[in-house]
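The values are calculated or read from the model by the stated rules, or taken from the named source; none is laboratory data. Just so it is clear, the model here is predicted, and its values are computed rather than measured. Cβ sites come from the backbone with ideal geometry, for glycine too, and all protein chains shown count toward neighbours.
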Amino acid sequence: MTDAATNMRLKLPIICFVLQIILIILFGVLVQYDHETDAKEWHNQTHPDYDNDFYYRYASFQDVHVMIFIGFGFLMTFLQRYGFSSVGFNFLIAAFALQWATLMQGFFHGMHGGKIHIGVESMINADFCTGSVLISFGAVLGKTSPVQLLVMALFEVVLFAVNEFILLTALGARDAGGSMTIHTFGAYFGLMVTRVLYRPNLDKSKHKNSSVYHSDLFAMIGTIYLWMFWPSFNSAITAHGDDQHRTAMNTYYSLAACTLATYGMSAITAHDGKLDMVHIQNAALAGGVAAGTAGEMMLTPFGSMIVGFLAGIISVLGYKYLQPILEEKLKIQDTCGVHNLHGMPGVLGAIVGAVTSAFATKDIYGNGLGDVFPDVASGEIDASFQGVRQAISLAVTLGMALLGGLIVGFILKLPIFGAPPDTICFEDSVYWEVPGEEESHDEQLTTVRTEESEKLNC
Amino acid sequence: MTDAATNMRLKLPIICFVLQIILIILFGVLVQYDHETDAKEWHNQTHPDYDNDFYYRYASFQDVHVMIFIGFGFLMTFLQRYGFSSVGFNFLIAAFALQWATLMQGFFHGMHGGKIHIGVESMINADFCTGSVLISFGAVLGKTSPVQLLVMALFEVVLFAVNEFILLTALGARDAGGSMTIHTFGAYFGLMVTRVLYRPNLDKSKHKNSSVYHSDLFAMIGTIYLWMFWPSFNSAITAHGDDQHRTAMNTYYSLAACTLATYGMSAITAHDGKLDMVHIQNAALAGGVAAGTAGEMMLTPFGSMIVGFLAGIISVLGYKYLQPILEEKLKIQDTCGVHNLHGMPGVLGAIVGAVTSAFATKDIYGNGLGDVFPDVASGEIDASFQGVRQAISLAVTLGMALLGGLIVGFILKLPIFGAPPDTICFEDSVYWEVPGEEESHDEQLTTVRTEESEKLNC
Amino acid sequence: MTDAATNMRLKLPIICFVLQIILIILFGVLVQYDHETDAKEWHNQTHPDYDNDFYYRYASFQDVHVMIFIGFGFLMTFLQRYGFSSVGFNFLIAAFALQWATLMQGFFHGMHGGKIHIGVESMINADFCTGSVLISFGAVLGKTSPVQLLVMALFEVVLFAVNEFILLTALGARDAGGSMTIHTFGAYFGLMVTRVLYRPNLDKSKHKNSSVYHSDLFAMIGTIYLWMFWPSFNSAITAHGDDQHRTAMNTYYSLAACTLATYGMSAITAHDGKLDMVHIQNAALAGGVAAGTAGEMMLTPFGSMIVGFLAGIISVLGYKYLQPILEEKLKIQDTCGVHNLHGMPGVLGAIVGAVTSAFATKDIYGNGLGDVFPDVASGEIDASFQGVRQAISLAVTLGMALLGGLIVGFILKLPIFGAPPDTICFEDSVYWEVPGEEESHDEQLTTVRTEESEKLNC
């Protein structure tokens, strides 16, 4: 299964080393510790060490980090012979994207005297951006080389940062958990890329594009970690105090309601009432996606549960009925069904966020209004206009994602990046040394006997 | 393997949707943000955002959350063909129980103007109650439908909340880590349920009621997470400061001592000295259970280690000698051996708690006495009476659990819930779409050759 | 496969019980709660409960704990038939070592009125010492009995504590993340032990000394957890405030750069450009090891990335070219390649630490200089002398590790500890009850048919 076209011996080292060396140089020129990580700056002021933001963000960061590397990585191991690539390429592109995102987001979030200042908050933001790239990875899973993935990440991070800048800074939208910036963007970007990379003969690898028993269990590790830590994800960069607390709790209830909806829908849509692991692994997470924008708002647990419940229903219906149509009619081969987990629930989350924003009042938020809607609290705009901003942000995100995915898709079509042929997609052995299967005891016995009979024959 | 009786196409969606919609309505009517999660309430007072309890409980909550969903979920994947159900039903009933527990515990813990106030502490308590349901799940594992499990959770959560109210509020007992409220209650409730659901012909599924190599490794993921995070579990809702700190440390040493006892006992009770995975996966955790009540007290690391050591010994002996007797004589088919991991060590923990309480003095606790024993510190009662309260609490818990389990067991016997027949217990394919095994390379080769010879024959 | 020599029925229980009982007695005599965990002491002073160090160290502790039990445990499950032993013996020796380390480190770190005071910081230090033992375990993996491992841990913990005392207290070196104390010490100690235990006929077990597909995926769980939480590891016991924050961030970027270097090197050193799981599982972590000493210093993200990049390159080259030479020429059978992951990167980290120390100035660190280099800040020594101290510390560590490993290796050679014979190394069934393989559906079918034909024959 060694093939000149897919041979990574030169391509992968070149792109890894070139990218990493460029990153190191740019970090050397542009990046500085912020005032919470710099020894001199921190000690220039008088404050207890316990006030360092490390103690109020780092635990959230670690939960997000687990979602990025274990959550996304293992969620994609459901394929029978693509576990090495799922975890391994996830690892590679995430390690690249988080460095590159530090620079891009730092650039757009505002430089300090020509320098990018970094600390735990920039680390969380970099992981968020990485999450978006990994969502897109889910759409093209099994059909791309690691070099293609790094090239995709290279461009997607830039576009993510631009879109994030437009939404959060230029338009003044709120999107703490990234229903729009992360999920909608990542999903529609990835869907457009996979559309451009459409493979009419992908059914030649069809037998590999499915799970086996233990691969589904590995995937559940990813699912459960994503589910458990989503409250931390949505609350990781909200304002301190009630905001973080409320966001985590809203997400927790949204996910719980989503899970019951998912199990119900999975059974009702199967002709024999049997649960489908694809739904459980994915749709049960849609409640976290859909609470990404409104989670920090006074959505109430009641509202959160309704949102999660709807997200679960929509997501299972997407897997069951919409995905085959997208593949057949629109030629979108969406390996992980990111449209159902991140796309539609992301759009739902954006709409819920817009509506919840539009109804924000001083009566509900009290003096906390400024934490969530600073421009409304300052009187600069009214709440309904905040809702309009949110809606425009969704439209911008969809536009950026689809246009960006279109362009990047065509770049990835260049024949130099070592994409696998149609016959061996979803297969680790193209890019990995894959060990043999364990010898069964029978085989060992056979070996021994063969050796013995050979001896006898001598 | 499709059977009308076990077909979940209507039963499961109906119960999921009905329960979730009722939950949503009740949350809408009854539940409010507490003063730490409500924007207006929080900002009504003057305090730094860093004082929000989120920063002093949420990390503990997340550790508990991991124990509930990864710990319990994967611990039960040891069965060779019940991994989907173990993780998946654990996921389902936990997602339901935590919502339902929020309401039940909120109701019993005291309403505020007709409303239940929620925040991170109620989230931890809801997860605790869920843990108790999952312990009971361990007793009936492999023999119940998801509908039965949801019905069991529905009733068990109510009884848990009642029992917890009697113990902590009415009797004034201390049980921060839940040796009584969680472990003893969950275990004996589950044992009684499985007794009522006794299947005389369960040996027809005997060949499925065992592990395979990789299923034991998956189970170790659950074990290790439970073991690591048990210090967080026992300390999650104790008083802040020295109390949380001490509880975590006591549990840490109890578990360490328990682990050495478990390995020693596992080897000594095997005729050939070989370690048994069942013991390692389970008995090594008994030290956490047994430190559940006294962990917050001045048990000392020395005392904690003795407790853990005894718990490990008792637990292995239970697995080795008592469980077969319980099954044969008392007809208790305890799939996971919850009697050995949660039942006996829970009772041990309750006794240790009673004794440790009885010897509490101002000399030992200083001004910290009020944090652990408020009624003793206020002079309302003396320490020995606190010990009596603890002992009574154990008796109440055993009574509630056994009686509750009896009633709920008979409810679950109703033939409408889709229990699996005796011949296909411990089998995922009753309720799940199960993928085929991976094609071996030989088979692929065969397929190719067959196709080729077919072509030749044409 | 039952053999009197490897039968653990008496040996393992005796050592477990004797060690644990001695630990309990020593804890009873010597160990006390410190002022943050003791109810009386804590309440003797006036301070908010939120000032308890629990809230500023416990989250780091839990991350370290996960690295020790899940990280190291699962990293070693890559062997096809040694998963039970990898996770299980890791669990056993860690549970012992952390108790024993509490005593040894407490003894050397200074007694308080004849008592060892413990709290979350001692728990982190005990886990650190345990990590060093587990590194040595990696070198001898598959070739030692659990009794040998406990004996090794018994001695290694003592030597670790002595070496740590010499470095940090006597020499005044800095080594927050343990490039020297943990990684260099653990690696060279283990390498010397495995050298002394050299087995000329180990190739008789050669077919077991390799991975299978799913064992490599289990190992990736270990890898990813180690990778994610390494920032917490290196920052767990640094000074509060900017120091912890900076250390975590430096480690994060070092690891990211290391990962790209590892993928590049793995592809370029394979004749067909295919990635090797051994490299990804191990070398990608070298960036964390190499940032262990200088991580708390003003290394800058730029410097951290260079260090990580070099560490990844060195580590892959070690696996590819040096390890076979060490085995063939020096007779060092290093199962996990700890020389490549912990040895060389640890030495690199020590050197980077010495150089970074030598260039520390008040201009760079401001008033924060005292947190990192107290003796330099106080004017007692100048920075270049601090660099000399660091370099001497590396030499001392190498000497202690090699000499200690030599002695302990010979102790472990005593024929009473139940080492496995050369023919069945890397095999769980020597010390574990191992379940059979899952029946395939074909076999089930065969069974059914056989039964049917038997019926027909009747």
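For the reader, a short list of remarks on this structure follows.
- When C:S215, C:S136 are checked against the criterion of being at pLDDT 95 or above and either acidic (D, E) or under 19 Å from the mean Cα position of the chain (by Cα) (or both), C:S136 stands alone in meeting it.
- The residues listed here are A:Q62, A:Q45, A:Q32; of these, the one that is of a type outside the set (K, R) and in contact (Cβ under 8 Å) with a residue 40 or more places away in the chain is A:Q32.
- Looking across region C:346-364, just one residue is of a type in the set (A, V, I, L, M, F, W, C), within 10 Å of another protein chain (Cβ to nearest Cβ) and either assigned to a helix (DSSP H, G or I) or surrounded by fewer than 16 Cβ atoms within 10 Å (Cβ to Cβ) (or both), and that is C:I364.
- One residue alone among A:L445, A:L456 is within 14 Å of another protein chain (Cβ to nearest Cβ), at pLDDT below 95, out of contact with any strand residue (DSSP E or B) (no Cβ under 8 Å at 6 or more places or on another chain) and part of a helix (DSSP H, G or I), and that residue is A:L445.
- With respect to being within 11 Å of chain A (Cβ to nearest Cβ), in contact (Cβ under 8 Å) with a residue 40 or more places away in the chain, buried (at least 24 other Cβ atoms within 10 Å of the Cβ) and in a helix (DSSP H, G or I), C:S315 falls outside the description.
- Residue within region C:49-58 that is touching a strand residue (DSSP E or B) at 6+ places or on another chain (Cβ under 7 Å) and among the charged types (D, E, K, R) present: no
- The number of residues in region A:169-212 that are among the β-branched types (V, I, T), away from chain B (no Cβ under 14 Å) and either more than 30 Å from A:M298 (Cβ to Cβ) or more than 20 Å from the chain's Cα centre (by Cα) (or both) comes to 4.
- Residues satisfying the stated conditions in region A:299-312, i.e. crowded, with 24+ Cβ neighbours inside 10 Å and part of a helix (DSSP H, G or I): A:P301, A:S304, A:M305, A:V307, A:G308, A:F309, A:A311, A:G312
- Within region A:266-283, if we keep just the residues that are buried (at least 24 other Cβ atoms within 10 Å of the Cβ) and facing chain B (nearest Cβ under 7 Å), the residue that is nearest to A:P345 (Cα to Cα) turns out to be A:I280.
- Being surrounded by fewer than 24 Cβ atoms within 10 Å (Cβ to Cβ) and in a helix (DSSP H, G or I) is a property that holds for C:L326.
- Residue match in region C:170-182 (condition: hydroxyl-bearing (S, T, Y) and surrounded by fewer than 24 Cβ atoms within 10 Å (Cβ to Cβ)): no
- Selection count, region B:108-123, where residues are in a helix (DSSP H, G or I), at pLDDT 95 or above and not β-branched (V, I, T): 3
- Yes/no for B:V151 being within 19 Å of the chain's Cα centre (by Cα), surrounded by fewer than 22 Cβ atoms within 10 Å (Cβ to Cβ) and of a type outside the set (S, T, Y): yes
- Single unsatisfied condition, C:F17 versus (1) of a type outside the set (G, A, S); (2) within 7 Å of chain B (Cβ to nearest Cβ); (3) buried (at least 24 other Cβ atoms within 10 Å of the Cβ); (4) not in a loop (DSSP other than H, G, I, E, B): (3)
- Residue match in region C:83-96 (condition: more than 8 Å from chain B (Cβ to nearest Cβ) and at pLDDT below 95): no
- For region C:58-82, residues that are more than 26 Å from C:I24 (Cα to Cα), more than 8 Å from every other protein chain (Cβ to nearest Cβ) and either more than 13 Å from the chain's Cα centre (by Cα) or of a type in the set (D, E, K, R) (or both) total 4.
- Members of region C:1-14 found to be within 8 Å of chain B (Cβ to nearest Cβ) and either assigned to a loop (DSSP other than H, G, I, E, B) or farther than 30 Å from C:E433 by Cβ (or both), listed by number: C:T2, C:N7, C:M8, C:R9, C:L10
- For the criterion of being modelled with pLDDT of 95 or more and touching a Ser or Thr at 6+ places or on another chain (Cβ under 8 Å), B:A239 fails.
- Picking from residues in region A:124-167 that are in contact with a strand residue (DSSP E or B) (Cβ under 9 Å, 6 or more places away or on another chain) and of a type outside the set (G, A, S), the one that is farthest from A:R389 (Cα to Cα) is A:P146.
- Residue selected from region A:284-298 under the condition out of contact with any Cys (no Cβ under 8 Å at 6 or more places or on another chain) and facing chain B (nearest Cβ under 9 Å), by the criterion surrounded by the fewest Cβ atoms within 10 Å (Cβ to Cβ): A:M298
- Checking every residue in region A:365-379 against the condition of being hydrophobic (A, V, I, L, M, F, W, C), surrounded by 24 or more Cβ atoms within 10 Å (Cβ to Cβ) and under 22 Å from A:T194 (Cα atoms) gives zero matches.
- Residues located in region C:24-73, provided they are in contact with a Phe, Trp or Tyr (Cβ under 9 Å, 6 or more places away or on another chain), under 30 Å from C:A219 (Cα atoms) and of a type in the set (D, E, K, R): C:D63
- Qualifying residue in region A:396-415 (condition: over 25 Å from the mean Cα position of the chain (by Cα), outside any loop (DSSP other than H, G, I, E, B) and of a type in the set (F, W, Y)): no
- Taking the criterion of being farther than 25 Å from B:I280 by Cβ and touching a His at 6+ places or on another chain (Cβ under 7 Å), the residues of region B:327-378 that qualify are B:G366, B:N367, B:G368.
- Residue in region C:382-403 that is in contact with a Lys or Arg (Cβ under 8 Å, 6 or more places away or on another chain) and more than 14 Å from chain A (Cβ to nearest Cβ) present: yes
- Selection within region B:183-209 - buried (at least 19 other Cβ atoms within 10 Å of the Cβ) and hydroxyl-bearing (S, T, Y): B:T184, B:Y188, B:T194, B:S205
- Search result, residues across region C:231-262 that are of a type outside the set (G, A, S), facing chain A (nearest Cβ under 7 Å) and not in a helix (DSSP H, G or I): C:H240
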